[in-house]
1. For the structure I just gave you, tell me whether residue 38 is in contact (Cβ under 8 Å) with a residue 24 or more places away in the chain, within 14 Å of the ligand (Cβ to nearest atom) and closer than 23 Å to residue 144 by Cα.
2. Looking at the stretch 1-29 only, could you name the residues that are within 10 Å of the ligand (Cβ to nearest atom) and within 28 Å of residue 179 (Cα to Cα)?
3. Condition (residue is under 17 Å from the mean Cα position of the chain (by Cα) and within 16 Å of the ligand (Cβ to nearest atom)) applied to the stretch 118-128: is it met by at least one residue?
4. Which ones in the stretch 114-156 are loosely packed, with under 15 Cβ neighbours inside 10 Å, within 17 Å of residue 62 (Cα to Cα) and in contact with a strand residue (DSSP E or B) (Cβ under 8 Å, 6 or more places away or on another chain)?
5. Residues of the stretch 86-102 being surrounded by fewer than 14 Cβ atoms within 10 Å (Cβ to Cβ) and without any contact (Cβ under 8 Å) to a residue 40 or more places away in the chain, which ones?
6. So, in the stretch 162-176, of the ones that are touching a helix residue (DSSP H, G or I) at 6+ places or on another chain (Cβ under 9 Å) and part of a loop (DSSP other than H, G, I, E, B), which residue ends up surrounded by the most Cβ atoms within 10 Å (Cβ to Cβ)?
7. Quick one: which strands (runs of 3 or more DSSP E) lie wholly within the stretch 18-110 and hold at least 3 residues that are closer than 30 Å to residue 125 by Cα?
8. Could you count how many residues in the stretch 146-161 are in a helix (DSSP H, G or I) and farther than 25 Å from residue 33 by Cβ?
Ligand code: AMP
């Protein structure tokens, strides 16, 4: 669609790498698998949405994650649809614990696709595992999800915006097609 994908997690990780004040505030929360304070992420998104590349629309990835974030978002943006990727805890744990990312080009992949290699298939750099993809942290992230993020599904269902995408046992291509269908787009 030629619109930016805005990932608050990615913006926070960049802030940590650069050692900015926001990065310093976020680091400990992220490493414990907890959420960064609402006011920090709300300010980030509010500012980012003012950039010229957002004029024609955008995808928010990982935001909002709490009801107060959703309320704030509603005061400065109009949301067309909310994609709810539905999958079991087992599938989430399998995907996160096998996730590998490239520190150089940003590619995200999974050990099951790498044939035993630990190099980035796009640029050849050595892949790494995100610290918050460690098993104990993943468990905590799931708890935090149930307590703080899951209530958003009811919040947005009331507003008739939720599109459920059933992801268990689905391939990337199938999920892609379902997202297109949910948004009324042609493949
Ligand atoms: P993600 O890359 O979306 O999995 O986010 C990684 C981590 O960044 C999360 O576990 C949180 O600690 C933090 N984070 C990302 N987005 C948010 C958000 N909207 N609200 C609070 N914390 C966030």
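The values are calculated or read from the model by the stated rules, or taken from the named source; none is laboratory data. Since the model is a prediction, treat every value here as computed from it, not as a measurement. Please note: Cβ atoms are built from the backbone with ideal geometry, for glycine as well, and neighbour counts cover all protein chains shown.
1. Spelling it out, residue 38 is indeed in contact (Cβ under 8 Å) with a residue 24 or more places away in the chain, within 14 Å of the ligand (Cβ to nearest atom) and closer than 23 Å to residue 144 by Cα.
2. Once the filter is applied, which keeps residues that are within 10 Å of the ligand (Cβ to nearest atom) and within 28 Å of residue 179 (Cα to Cα), the stretch 1-29 yields 7, 8, 9, 10, 11, 12, 13.
3. Within the stretch 118-128, none of the residues are under 17 Å from the mean Cα position of the chain (by Cα) and within 16 Å of the ligand (Cβ to nearest atom).
4. Selection gives 153 alone.
5. Across the stretch 86-102, the qualifying residue is only 90.
6. If we filter the stretch 162-176 for residues that are touching a helix residue (DSSP H, G or I) at 6+ places or on another chain (Cβ under 9 Å), which is where we start, we get 162-170.
Adding the requirement that they be part of a loop (DSSP other than H, G, I, E, B) leaves 167-170.
On the way: 167: 19, 168: 10, 169: 9, 170: 16.
Only one residue fits best here, namely 167.
7. Where strands (runs of 3 or more DSSP E) fall fully within the stretch 18-110 and carry at least 3 residues being closer than 30 Å to residue 125 by Cα, they are 59-61, 99-101, 108-110.
8. The initial filter retains those residues of the stretch 146-161 that are in a helix (DSSP H, G or I), namely 146-149, 151-158.
With the extra rule that they be farther than 25 Å from residue 33 by Cβ, the set shrinks to 157-158.
Looking only at that region, the number is 2.
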